[in-house]
1. Residue by residue through the range 123-132, which ³J(HN,Hα) values in whole Hz follow from phi under the Karplus form 6.51 cos²θ - 1.76 cosθ + 1.60 (θ = phi - 60°), with glycine and proline marked x?
2. Would you mind computing, in nm to one decimal, how far apart the modelled labels at T6 and E129 are, each placed 7 Å from Cα along Cα→Cβ?
3. Residue by residue through the range 156-172, what is 3J(HN,Hα) from phi via Karplus (6.51 cos²θ - 1.76 cosθ + 1.60, θ = phi - 60°)? Round to whole Hz and write x for glycine and proline.
4. Take the Cβ-Cβ distance between V69 and F178 as r, set R0 to 41 Å, and report the resulting FRET efficiency rounded to the nearest 0.05.
5. Would you please give the residues with an amide H less than 5 Å from that of F67, counting only those at least 5 places away or on a separate chain, with H modeled from the backbone geometry?
6. Where does each of F175, F48 land when they are ranked from fewest to most other beta-carbon atoms within 10 angstrom?
7. Trypsin sites (Lys or Arg not before Pro) within the range 1-79: which are DSSP loop residues with at most 13 other Cβ atoms inside 10 Å?
8. Counting Lys and Arg as +1 and Asp and Glu as -1, what is the net charge of the other residues whose Cβ lies under 12 Å from the Cβ of R31?
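FYI, it's all coordinate maths here, none of it is from the lab. In this text, all values refer to a predicted model and were calculated from it rather than measured experimentally. Here the Cβ is made from the backbone with ideal geometry for all residues, glycine too, and neighbour counts use every protein chain on show.
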Amino acid sequence: MDDRRTVKVSKYLSKHLRHQPERIGLTLDPRGWVEVEDLLRAAAGHGFALTRAELDHVVAANDKQRFAVEGTRIRASQGHTVAVDLDLPEAEPPAYLYHGTVVAALEPIRAEGLRPMARHHVHLSPDRETATRVGARRGRPVVLAVDAAAMRAAGHVFRVSANGVWLVDAVPPGFLRFS
């Protein structure tokens with residue numbers, strides 16, 4: 001599969017497994033899973049023919065491992081705007097995690113901290129490099145350090161998705177390091 005098709009399929013999966021499953025007639029279970037065959041059938045029925053081989057390629061080749069396959073089911077690893085409970089256990093974070101953003105977002109972040117916005121959680125990266133790539137999707141990146149150890153000590157709960165993205169409900173401004 002060529003790179004353009006891979007990106008197109010990945011975006012299609014993200015849209016329908018994270019944000020708008022109902023748009024193609026899918027119903028995610030409470031943990032975000034859907035049968036692969038149901039997904040393929042729904043996609044084809046809405047003008048986006050997709051083979052199992054293409055789906056498997058996108059799942060395996062995605063550099064961010066956005067999707068997980070378990071047996072005959074698939075789900076997005078995180079980033080949902082629809083109601084799902086990924087059932088991720090609490091995890092002990094490293095001392096610092098990182099968040100990639102852009103300069104235009106800094107003023108509200110300084111005032112309010114990091115909020116999940118339309119998503120269920122704030123997404124944090126385990127390293128500066130990953131956070132830089134995340135921030136660069138929207139312009140010139142700015143990387144913020146999050147004092148995860150201090151947050152954990154203050155009672156904040158962290159979880160980590162299957163693809164290594166750290167999730168937390170919010171990050172108050174006092175735990176952020178602007179550099």
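1. 9, 10, 9, x, 8, 4, 4, 5, 4, 5
2. Taking the simple label geometry, T6 and E129 are separated by 1.8 nm.
3. 6, 9, 10, 9, 10, 6, 4, 9, x, 7, 8, 10, 8, 4, 6, 10, x
4. 0.60
5. Residues meeting the amide H criterion: S77.
6. F48, F175
7. When the trypsin sites (Lys or Arg not before Pro) of the range 1-79 are filtered for loop state and at most 13 Cβ neighbours within 10 Å, R31 remain.
8. -2
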